[in-house]
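So the structure is just underneath, and the comments pick up after that.
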Amino acid sequence: MARYVTVDRDECIGCGNCEGIAPDIFEFDDEGLAFVTLDENQGTYPMPEGKMDQLAEAFEECPTEAIQIAERPFNKSK
Ligand code: SF4
């Protein structure tokens with residue numbers, strides 16, 4: 001099943017765990033907060049199957065639970 005991913009930027013503390021674990025998925029913006037590169041953090045494109053292991057590990061290692069994963073696309077603005 002498809003998974004959609006976004007970072008809750010109100011919760012992100014910019015610790016770097018996610019980018020360290022999954023640099024193909026996460027990057028940091030000018031504010032020092034993480035975002036999902038796939039769709040500019042909109043959570044509207046399904047994560048490719050080959051990145052799911054990295055995603056799961058990053059999700060586990062996020063200290064603030066800022067990484068949000070859902071089975072349906074998010075409807076939000078960055
Ligand atoms: S692991 Fe979580 S808190 Fe740390 S930078 Fe990534 S999203 Fe932000």
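The values are calculated or read from the model by the stated rules, or taken from the named source; none is laboratory data. These figures come from a predicted structure and were not determined experimentally. Every residue, glycine among them, receives a Cβ derived from its backbone with ideal geometry; neighbour counts consider all protein chains shown. Please note that ligands, DNA and RNA were not included when accessible areas were found on the heavy atoms of the full protein model with its side chains. Shrake-Rupley method; radii C 1.70, N 1.55, O 1.52, S 1.80 Å.
Return the distance in nm (one decimal) between the two label points of a simple spin-label model at Thr37 and Asp53, each offset 7 Å from Cα along Cα→Cβ.
With each label placed 7 Å out from Cα toward Cβ, I get 1.9 nm.
Rounded to whole Å and sorted largest first, what semi-axes of the equivalent ellipsoid does the C-alpha gyration tensor of the chain yield via the square root of 5 times each eigenvalue?
So the equivalent ellipsoid measures 17, 14, 11 Å along its semi-axes.
Return the sequence-ordered ³J(HN,Hα) values of the range 16-31 in whole Hz as given by the Karplus equation 6.51 cos²θ - 1.76 cosθ + 1.60 applied to θ = phi - 60°, using x for Gly and Pro.
x, 4, 5, 5, x, 7, 9, x, 6, 10, 10, 9, 10, 9, 5, 8
How much accessible surface does Asp10 have with a 1.4 Å probe, in Å² rounded to 10?
That residue has around 140 Å² of solvent-accessible surface.
Can you work out the PRE-style zone for Thr64? Point 7 Å along Cα to Cβ, and I want the residues of the range 14-42 with backbone N under 11 Å.
Under cut-off, by backbone N: 14-16, 32-34.
What's the longest bit of the chain with no exposed GluC sites (Glu not before Pro), using DSSP loop states and at most 14 other Cβ atoms within 10 Å as the test?
41-64
How much length would be gained if the chain were fully extended between Ala2 and Glu71, taking 0.36 nm per residue of separation minus their Cα-Cα distance, in nm to one decimal?
Fully extending the segment from Ala2 to Glu71 adds 24.2 nm.
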